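Visitor: The structure's right below; bear with me while I get my questions together.
Derivation of every value follows stated rules applied to the coordinates shown; laboratory data play no part. Since we're looking at a predicted model, the values are computed, not measured. Counting neighbours? That spans all protein chains shown, and the Cβs are built from the backbone with ideal geometry, glycine included.
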Amino acid sequence: MIIDPQDVPTQRSTNYPDPFKALVAGRMRQRLGKFAGLKNFGVNLVKLEPGSYSALRHWHSHQDEFIYILEGELTLITDAGEQILTPGMAAGFPAGEANGHHLVNRSSVVGVYLEVGDRTPNDTAIYPDEPGLLTIPSPDGVFREFTYQDGTLS
């Protein structure tokens with residue numbers, strides 16, 4: 001299936017709890033993989049406005065992730081520190097590796113990148129900067145619900 005990104009809806013919404021929604025308010029996703037009917041992994045074309053985060057810093061128990069920078073300059077923040085990524089650079093995050101990561105746009109222009117992740121069932125995301133926060137997956141690995149380890153919903 002050939003996809004023209006202009007035909008793919010742009011999503012600005014997030015299921016992050018209220019205290020964190022503002023951090024990702026400048027993230028716009030086009031779910032290319034879903035649009036193509038892919039079932040085993042997702043591919044998103046993401047635009048990140050200046051000042052916005054791609055996500056809270058996180059890592060996955062069962063899901064591999066991969067990003068590829070297309071436009072702009074984005075700062076990758078991991079447990080190892082910070083690195084500026086520019087077009088043509090990529091990064092991968094193996095499942096089960098406790099290395100919290102996210103992108104932050106500290107530049108003055110919109111950054112654009114591809115993000116690829118699998119849909120492994122029973123994946124949990126852990127957020128090292130928010131002690132106790134995690135996501136519980138749906139059986140299909142697509143939907144995530146935020147909760148705290150003590151059982152309170154966020």
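Visitor: Failed condition for Gln83, given (1) polar (S, T, N, Q); (2) closer than 19 Å to Pro128 by Cα; (3) in a loop (DSSP other than H, G, I, E, B), with all others met?
Guide: Answer for Gln83: the failing condition is (3).
Visitor: Moving on to the next point. Can you tell me which of Phe35, Phe41 is touching a strand residue (DSSP E or B) at 6+ places or on another chain (Cβ under 8 Å) and among the hydrophobic types (A, V, I, L, M, F, W, C)?
Guide: Phe41
Visitor: Filtering segment 76-101 down to residues that are touching a Leu at 6+ places or on another chain (Cβ under 7 Å) and either within 23 Å of Ser13 (Cα to Cα) or hydroxyl-bearing (Ser, Thr, Tyr) (or both), which residue is surrounded by the fewest Cβ atoms within 10 Å (Cβ to Cβ)?
Guide: Residue satisfying both the conditions and the ranking: Leu76.
Visitor: Kindly indicate whether Gln6 is in contact with a Lys or Arg (Cβ under 6 Å, 6 or more places away or on another chain) and either at positive phi or surrounded by fewer than 17 Cβ atoms within 10 Å (Cβ to Cβ) (or both).
Guide: It is false that Gln6 is in contact with a Lys or Arg (Cβ under 6 Å, 6 or more places away or on another chain) and either at positive phi or surrounded by fewer than 17 Cβ atoms within 10 Å (Cβ to Cβ) (or both).
Visitor: Mind listing whichever residues of segment 107-140 are more than 21 Å from Ser61 (Cα to Cα) and surrounded by fewer than 15 Cβ atoms within 10 Å (Cβ to Cβ)?
Guide: Within segment 107-140, Ser108, Val109 meet the criteria.
Visitor: Restricting to segment 3-36, what's the tally of residues that are under 15 Å from the mean Cα position of the chain (by Cα), assigned to a loop (DSSP other than H, G, I, E, B) and free of Cβ contacts under 8 Å to residues at least 24 places away in the same chain?
Guide: Qualifying residue count, segment 3-36: 3.
Visitor: Which condition does Lys39 not pass, out of (1) out of contact with any Phe, Trp or Tyr (no Cβ under 6 Å at 6 or more places or on another chain); (2) in a strand (DSSP E or B), if it passes all the others?
Guide: (2)
Visitor: Have a look at Ala36, Ala95, Ala90 and point out the one that is over 25 Å from Gln6 (Cβ atoms) and of a type outside the set (Lys, Arg).
Guide: When all the criteria are applied, what remains is Ala95.
Visitor: Identify all residues within segment 48-72 that are within 17 Å of Val24 (Cα to Cα) and outside any strand (DSSP E or B); write none if there are none.
Guide: Within segment 48-72, Glu49, Pro50, Gly51, Ser52, Ser54, Ala55, Leu56, Arg57 qualify.
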